[in-house]
Amino acid sequence: MDHTVPAAGFLYWVGAGTVAYLALRISYSIFMAIKVWGLGNETGVGPGLGEWAVVTGSTDGIGKSYAEEMAKRGMKVVLISRSQDKLNQVSSEIREKFKVETKTIAVDFGSQDIYEKIKASLEGLQIGVLVNNVGMSYEYPEYFLDIPDLDNVIKKLININVVSVCKMTQLVLPAMVERSKGVILNISSASGMNPVPLLTVYSATKTFVDFFSQCLHEEYKRKGIFVQSVLPYFVATKLSKIRKPTLDKPSSDTYVKAAIRTIGFQSRTNGYPIHSLMNVFISLLPSWMYFKIIMNINKATRAHYLKKAKKN
């Protein structure tokens, strides 16, 4: 009986402390959201960083939207992607709409013998912004050993999602350091923030991009270089196979207009207000509940895809 009151008091303070912690965390998140998306840093991105912006995977989705936003701010744009026809089309659209110079480089990031060609094509350009956007995911969620053509998928995922980020940074960063200014935007994914079973290799590669970006920012921020890890949830693009934008699944244009405002404020960002709120919610889930939810979602998506494929 003598121990009942002290025990109750202890539990009270544990509960009160937990509530206070959560309240402070939520308040801080709201404050940062107001600061970032209310004030933004749009004026910090432009030719003052360097004449040219280089964007990989720039003919569709997020990459194309970043290219257009850089052009809108008066930067000349180097578009790098696989299809020369698509590159020509996007290049023409940007020149006509924004009246800026463009340059195209057609390469397949699934290969590793492309970087000498890229280096030669970038020679002499004053590059202020690099957007490492090119990426590849699974065709559909699948168990690791059941992924069709697994050897090739592993190779391509690593070359496109990991090697490209390292090699493009290696090409562009030295001149930025020499001029003591520059911005590198590495497009990771919310799948890189938490493990995503049934998208195992993709999730792991995006974690690499996130860690690489955080480390690089710490190494070079005192040299005037801002490196940002961009971690979107679902965006309506070809990669995500989402056609119709919604409030929580914005179009690539809507997403990038929000994300670009975080440059200079957040070296690690979800890039979009709703996605940031989603991340706060997910971070509060216990791991067992998170894994249960993700597994159920991806298993359902897998079953739907396989059923549809069987009919066809």
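Brief remarks on what is shown
- Across the alpha-carbon set of the stretch 126-179, the Rg to Rh ratio works out to 1.17, Rh being the Kirkwood radius.
- Folded to 0 to 90 degrees: helix 287-311 orientation relative to the chain principal axis, Cα: 50
- ³J(HN,Hα), Karplus 6.51/-1.76/1.60, whole Hz, each residue of the stretch 221-228, x for Gly, Pro: 5, 6, 9, x, 9, 10, 10, 10
- Taking 30 Å as the straight-line reach from the Cα of Lys221, the lysines in range (excluding those fewer than 8 positions away in the same chain) are Lys35, Lys64, Lys72, Lys76, Lys103, Lys117, Lys119, Lys167, Lys181, Lys206, Lys257.
- Computed from backbone phi with θ = phi - 60° and the Karplus coefficients 6.51, -1.76 and 1.60, the 3J(HN,Hα) list for the stretch 49-54 is 7, x, 5, 10, 10, 10 Hz; x is used for glycine and proline.
- Amide hydrogen neighbours beyond the local backbone of Gly182, cut-off 5 Å, H modeled: Phe226
- Efficiency of FRET between Asp149 and Asn296 - r from beta-carbon atoms, R0 25 angstrom, step 0.05: 0.40
- Dipole magnitude for the stretch 98-168: computed about the Cα centre from +1 point charges on Lys and Arg Cβ and -1 point charges on Asp and Glu Cβ, it is near 460 debye.
- Count Lys and Arg as plus one, Asp and Glu as minus one, and take only other residues whose Cβ is under 10 Å from that of Ala71; the net charge is then +2.
- Helix 273-283 axis, angle to the chain major axis (alpha carbon atoms, nearest 10°): 40
- Between Cys166, Ala303, Thr246, the Cα set farthest toward the positive side of the dipole of the chain (charges on each charged residue's Cβ, about the Cα centre) is that of Thr246.
- Per-residue Cβ neighbour rank within 10 angstrom, fewest leading, Val45, Val54: Val45, Val54
- Computed from point charges on the beta carbon alone (+1 for Lys and Arg, -1 for Asp and Glu), the dipole magnitude for the chain about its Cα centre is near 640 Debye.
- Whole-angstrom gap from the stretch 149-215 to the stretch 64-136, using each part's C-alpha centre: 18
- Only helices enter this figure: runs of n ≥ 4 DSSP H residues, each worth -39500 (n - 2.57), summed and divided by the residues of the chain, yield -16500 deg cm²/dmol at 222 nm to the nearest 500.
- Fewest-first ranking of Ser83, Ser191, using other Cβ atoms within 10 Å as the exposure measure: Ser83, Ser191
- Annotation for the stretch 231-312: chymotrypsin sites (Phe, Trp or Tyr not before Pro) lying in DSSP loop with at most 14 further Cβ atoms inside 10 Å of their Cβ do not exist.
- Counting neighbouring beta carbons within 10 Å and listing from fewest to most, the residues Glu123, Glu69, Glu51 come out as Glu123, Glu51, Glu69.
Readers should treat all values here as calculations from the given coordinates under stated rules, not as data from a laboratory. Note that the coordinates shown come from a computational prediction; the quantities given were computed from them, not determined experimentally. Every residue, glycine as well, gets a Cβ built from its backbone with ideal geometry; the counts of neighbours run over all protein chains shown.
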